[in-house]
Amino acid sequence: MRKGSVKKMTFVFLTLLLIIPLTVLAANSKEERNSPPNDNNNKPHLDYQGDPIEFENATVHDPSIIKVDGMFYVHGSHIDGAKSEDLINWTNFTNGYTTPGNAVYGDLSENLAESFEWAGEDDANSAGSFAVWAPEIFWNEHYVNEDGTTGAFMMYYSVSSTYIRSAIGYAVSQDIDGPFEYVDTIMYSGFYDHEAYDNNSNVNKHYENTNIPDLIEDGVFDEPNPDWFTEDGRYNYRLYTNSIDANLFFDEDGTLWMTYGSWAGGIFMLEVDPATGQLKYPGEDGTTEDGRMIDRYFGTKIAGGYGYSVEAPYALYDEQTGYYFLYVTYGGLAADGGYQMRVFRSENPEGPYVDAAGAPAYFPDDLDDGTVRNKVGDQSHSVFGNKLMGNFLFERKLGDPGSGIGYGYVSPGHNSVYTDPDTGERFLVFHTRFPERGELHEVRVHQMFMNNDNWPVVAPYRYAGETLEKVNRQDVIGEYKFINHGTEVTSAITTSEFITLNKDNTISGSVDGTWKTTGHNRAELTIDGSTYDGVFLRQYDPASELTVMTFTAMSNDGIAIWGSKTLDRTDEEVVTDVLNDINLGDLTSVVSDLNLPTEGTRNTKISWETSDPSVITEDGVITRPTAGEEDVSATLTVTVTKDDITATETYDLTVLAYGEAGIVAHYPLNGDLEDITGNFRNGEVTGDRMDNEGGKISYFEGQFGQAAYFDGESGVRLPDGLISSDTYSVSLWLNPERLTDFTTSFFGARDNSNWVSLLPRGPIGGQTMLWSGEQWYDANTGTTIPTGEWSHLAFTVDEGTIIVYLNGEEVFSGTDFPNIFTTTQGSFSLGVNWWDIPYQGLMEDLQIYEGALAPEEIAGLAQQSN
């Protein structure tokens with residue numbers, strides 16, 4: 001319950017008197033405000049706003065883009081793919097490693113069998129599945145098909161079984177929709193000069209099992225290069241690379257090239273025969289004029305080396321600038337790996353490639369310590385390359401428009417680039433993870449622009465159809481959220497700070513300097529003695545759902561900066577917005593500590609007072625009465641201050657006593673949806689989402705009598721409030737008929753941003769897992785439960801400690817599990833949630849407990865089957 005003070009009411013009344021005329025004026029000028037600016041009109045753009053955009057997103061790792069007949073396609077790792085008509089909304093169209101009937105390769109196992117002889121199918125790290133990574137898709141009008149016609153879509157894919165034993169092969173199709181037919185495997189890595197085997201592998205790693213003997217027999221070169229091997233005959237990946245991440249491009253003269261490589265010895269390049277797709281191996285060793293390696297087999301080294309993180313090369317010729325640009329990614333691809341995109345350029349396809357400061361893409365010898373290893377955690381190479389984008393967050397603070405934590409990415413990388421042949425517009429296409437969302441990743445597209453030094457700068461927000469237009473100086477003036485991407489390779493997230501572009505062309509706030517506009521939209525900012533050149537651009541901010549002024553610019557040292565303009569507001573408006581944005585949830589039945597904010601947007605201060613510290617402290621820590629005692633109440637008072645403006649609000653709350661430990665709900669699912677404890681009402685059948693009508697639940701023979709059958713189009717909505725504690729246990733039996741990614745069996749949520757979901761098949765390697773969002777937490781079991789068999793799944797939560805059990809055995813334990821059920825109004829369901837494909841198969845005997853069951857108690861539940 002909220003009660004405003006007299007001071008607050010007076011303040012709001014005065015504020016209304018001030019803004020009513022503006023509101024009326026805005027209403028009368030709606031048509032004018034919603035008209036984009038005219039190049040012949042010097043009036044300020046003001047806050048032109050369109051309708052909110054609902055983006056459709058797709059999951060594709062390492063996307064390679066192509067446009068065919070008005071449709072954009074991206075192909076990526078694990079045979080994922082998506083398509084879009086506008087680069088804004090994406091739909092997945094592949095079926096992963098399904099075989100036979102694979103959407104891209106038909107019979108995957110048979111089609112790519114020659115590549116899989118070396119790596120990637122039920123072998124070492126890919127045991128039990130496949131590992132097909134990072135394909136490149138492109139149209140080659142010169143390719144000669146088996147029927148004598150010319151022109152084909154070509155897919156250069158990678159197979160991999162370890163961090164170094166990999167191969168690149170290619171397949172072709174005359175139809176973009178495939179199937180792509182295997183042609184050859186053309187580049188190997190990870191081979192030895194003697195017989196050797198990896199763990200969980202039957203593959204002999206002797207180089208005689210690669211294509212090298214055939215090349216020797218064909219006279220391409222006489223013998224293996226002895227430098228390929230260490231003194232003890234192992235693969236020398238200090239100098240030579242992991243054969244993965246192929247990229248192909250035509251140069252200015254129409255010559256076809258392939259770049260490839262990951263970590264290890266760096267990035268290499270070879271010429272390709274466009275008629276056959278085969279590599280033109282150099283045949284002999286040498287050195288470029290600037291001292292780079294040329295190897296008889298691997299080609300010319302163009303970037304990286306000595307085990308440092310550099311992968312995902314994407315090279316292309318840019319007709320407008322006359323340069324060849326080489327995009328690469330540093331860091332590790334996981335959410336904590338610091339994945340980030342860099343760019344170099346050259347006047348020649350084979351290099352040398354350099355960054356804005358003139359530093360080479362090919363790492364110098366002083367980074368070589370002589371060891372053969374991948375230098376995970378060593379970021380000595382971070383000073384090389386223009387860092388286009390790393391981890392960032394345009395932070396949404398209390399009082400800012402929108403909802404959530406803001407807009408940002410974690411580990412964005414492995415990009416391709418699309419250049420519109422008609423407009424010249426450039427688009428950076430990549431995958432990214434997100435702050436507080438674990439390993440979930442999606443495709444993103446950002447527009448790029450060339451600055452005055454012909455270096456690409458990336459728009460701060462995802463592409464939403466914006467174009468580079470004339471901007472008015474008055475629209476540029478104001479406060480911005482500011483990001484400096486720096487040079488670090490780090491898992492830390494760069495969080496926005498506040499700066500102001502003042503009317504007198506100075507910059508104040510977190511940094512000091514000057515700014516100016518040149519031309520219609522060019523941006524020049526001088527900060528701490530460095531000049532950054534780029535553009536001003538109006539973009540849609542998905543967090544606030546507003547169109548805002550932004551800037552993107554880069555310094556002569558290759559440092560990228562971004563800005564996103566905030567709303568123009570008075571201090572009074574800021575205080576009001578902060579106060580109105582405070583949401584403490586349902587205070588009539590508090591069961592966990594409250595998160596009491598202490599800072600709002602624009603450095604607004606927030607302080608709290610309590611009427612009874614024994615109930616709740618000023619820091620939000622509650623004391624729950626023990627089981628059997630009465631509930632207790634208190635009042636919180638909040639004060640919001642910005643400079644001389646202050647406002648207050650009060651909140652009455654009730655803290656509930658603990659419930660008795662033990663079972664609180666038991667749904668046997670034995671012919672009905674009854675809770676046999678009598679504590680909760682029956683479950684209700686739903687359609688394909690937990691709030692949809694319709695659906696049907698049938699019953700068939702199970703382990704304890706009848707079991708509920710879910711048909712893949714239906715679910716069960718359980719009563720609200722089944723769990724309202726941070727100490728609980730859930731037990732359930734599953735017999736899935738079909739496994740689909742993200743499909744839930746048991747689902748519970750405080751709201752659509754805070755939930756737990758028990759997934760028979762999760763998004764990380766297809767493992768069965770307990771997943772929580774959006775304080776993302778992945779509790780993986782290390783395996784996938786089978787179809788057609790009963791499996792017992794259970795998990796316990798004890799004040800942040802999570803343990804997951806499979807068939808009575810502990811398979812995961814961890815700490816810092818989020819406290820989801822901080823309300824008595826949580827939503828619960830079986831087989832469905834608000835988003836994903838429903839569960840298909842049998843389910844029975846759901847039990848929910850107050851308190852964390854002991855391992856022996858879980859084992860007892862798992863041993864109750866017939």
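Some points to look at:
- Scanning the stretch 752-770 for residues that are over 17 Å from GLU442 (Cα atoms) and of a type in the set (A, V, I, L, M, F, W, C), we see that the one that is surrounded by the most Cβ atoms within 10 Å (Cβ to Cβ) is LEU759.
- Of all the residues in the stretch 781-826, those that are surrounded by fewer than 22 Cβ atoms within 10 Å (Cβ to Cβ), at pLDDT 95 or above, part of a strand (DSSP E or B) and polar (S, T, N, Q) number 1.
- Residue in the stretch 146-155 that is assigned to a strand (DSSP E or B), more than 31 Å from the chain's Cα centre (by Cα) and surrounded by fewer than 20 Cβ atoms within 10 Å (Cβ to Cβ) present: yes
Here is a yes/no grid of residues against (1) in a loop (DSSP other than H, G, I, E, B); (2) under 28 Å from ILE499 (Cα atoms):
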site: GLY558; (1), (2): yes, yes
site: GLY563; (1), (2): no, yes
site: ARG569; (1), (2): yes, yes
site: VAL574; (1), (2): no, yes
site: ASP577; (1), (2): no, yes
site: GLY585; (1), (2): yes, no
site: PRO597; (1), (2): yes, yes
site: ILE606; (1), (2): no, yes
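- Restricting the stretch 604-656 to residues that are of a type in the set (Lys, Arg) and crowded, with 17+ Cβ neighbours inside 10 Å leaves a set whose member that is farthest from ASP400 (Cα to Cα) is ARG624.
- For the stretch 239-263, filtering for residues that are more than 19 Å from THR185 (Cβ to Cβ) and assigned to a loop (DSSP other than H, G, I, E, B) leaves 7.
- The condition of being within 15 Å of GLY826 (Cα to Cα) and out of contact with any Cys (no Cβ under 7 Å at 6 or more places or on another chain) holds for only one of LEU718, LEU758, LEU770, that being LEU718.
Let's see how each residue does on (1) farther than 22 Å from VAL417 by Cβ; (2) out of contact with any His (no Cβ under 7 Å at 6 or more places or on another chain):
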site: TYR327; (1), (2): no, yes
site: ALA334; (1), (2): yes, yes
site: MET341; (1), (2): no, yes
site: SER346; (1), (2): no, yes
site: PRO349; (1), (2): no, yes
site: LEU367; (1), (2): yes, no
site: VAL376; (1), (2): yes, yes
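- Reported count of residues in the stretch 68-97, each being hydrophobic (A, V, I, L, M, F, W, C) and either within 21 Å of GLN174 (Cβ to Cβ) or in the same structural domain as ARG738 (by TED's automatic domain parsing) (or both), is 6.
- Residues of the stretch 195-231 classified as of a type in the set (D, E, K, R), without any contact (Cβ under 8 Å) to a residue 24 or more places away in the chain and part of a loop (DSSP other than H, G, I, E, B), total: 5
- Filtering LEU316, LEU326, LEU393 for residues that are aliphatic (A, V, I, L, M), more than 24 Å from MET450 (Cβ to Cβ), outside the structural domain of TYR240 (by TED's automatic domain parsing) and out of contact with any Asp or Glu (no Cβ under 8 Å at 6 or more places or on another chain) leaves a single hit, LEU393.
- Any hit, the stretch 564-578, residues being farther than 30 Å from GLY721 by Cα, touching a Phe, Trp or Tyr at 6+ places or on another chain (Cβ under 6 Å) and touching a residue at least 40 places away in the same chain (Cβ under 8 Å): yes
- Residue in the stretch 295-309 that is among the polar types (S, T, N, Q) and closer than 22 Å to GLY370 by Cα present: yes
- Some residue of the stretch 110-117 being closer than 23 Å to TYR297 by Cβ, part of a helix (DSSP H, G or I) and either outside the structural domain of GLY81 (by TED's automatic domain parsing) or over 32 Å from the mean Cα position of the chain (by Cα) (or both): yes
- Residues satisfying the stated conditions in the stretch 169-194, i.e. in contact with a strand residue (DSSP E or B) (Cβ under 8 Å, 6 or more places away or on another chain) and in a loop (DSSP other than H, G, I, E, B): GLN174, ASP175, ILE176, GLY178, PRO179, PHE180, GLY190, PHE191, ASP193, HIS194
- Selection of first residues in the stretch 126-138 that are in the same structural domain as SER77 (by TED's automatic domain parsing) and more than 23 Å from ASN415 (Cα to Cα) and of second residues that are among the hydroxyl-bearing types (Ser, Thr, Tyr) and crowded, with 21+ Cβ neighbours inside 10 Å, restricted to Cβ pairs under 8 Å at least 6 apart or on distinct chains, gives the following pairs, ordered by first then second residue: SER126/SER160; SER126/SER161.
- Criterion: among the hydrophobic types (A, V, I, L, M, F, W, C), more than 30 Å from ASP751 (Cα to Cα) and modelled with pLDDT of 95 or more - qualifying residue of PHE394, PHE427: PHE427
Every residue, every condition in (1) more than 18 Å from the chain's Cα centre (by Cα); (2) within 28 Å of THR91 (Cβ to Cβ); (3) buried (at least 19 other Cβ atoms within 10 Å of the Cβ), yes or no:
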| site | (1), (2), (3) |
| --- | --- |
| ASN391 | no, yes, yes |
| GLY402 | yes, yes, no |
| VAL410 | no, yes, yes |
| ASN415 | no, yes, yes |
| VAL429 | no, yes, yes |
| VAL445 | no, yes, yes |
| ASN451 | yes, no, yes |
| VAL458 | no, yes, yes |
| THR467 | yes, yes, no |
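- Residue match in the stretch 724-737 (condition: aliphatic (A, V, I, L, M), surrounded by 21 or more Cβ atoms within 10 Å (Cβ to Cβ) and either part of a loop (DSSP other than H, G, I, E, B) or free of Cβ contacts under 8 Å to residues at least 40 places away in the same chain (or both)): no
- For the stretch 710-758, a residue qualifies if it is within 28 Å of the chain's Cα centre (by Cα) and small (Gly, Ala, Ser), and the qualifying residues are GLY712, SER745, GLY748, ALA749, SER753, SER757.
- Pick from the stretch 203-225, criterion surrounded by fewer than 18 Cβ atoms within 10 Å (Cβ to Cβ) and charged (D, E, K, R), ranking: nearest to the chain's Cα centre (by Cα): GLU208
- Put simply, of THR677, THR740 the only residue that is more than 14 Å from VAL832 (Cα to Cα), assigned by TED's automatic domain parsing to the domain that holds ASN752 and not aromatic (Phe, Trp, Tyr) is THR677.
- Residues (touching an Asp or Glu at 6+ places or on another chain (Cβ under 8 Å), crowded, with 24+ Cβ neighbours inside 10 Å and in a loop (DSSP other than H, G, I, E, B)) located in the stretch 279-306: GLY305, TYR306
Residues are listed down the side, and each one gets a yes or a no for (1) out of contact with any Phe, Trp or Tyr (no Cβ under 8 Å at 6 or more places or on another chain); (2) part of a loop (DSSP other than H, G, I, E, B):
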site	(1), (2)
PHE710	no, no
GLU713	yes, yes
LEU722	no, yes
ASP741	yes, yes
THR744	no, yes
PHE747	no, no
ARG750	no, no
ILE764	yes, yes
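The values are calculated or read from the model by the stated rules, or taken from the named source; none is laboratory data. What you see is a predicted model; the values in this text were computed from it and never measured. Ideal geometry is used to build each Cβ from the backbone, glycine not excepted, and the neighbour counts take in all protein chains shown.
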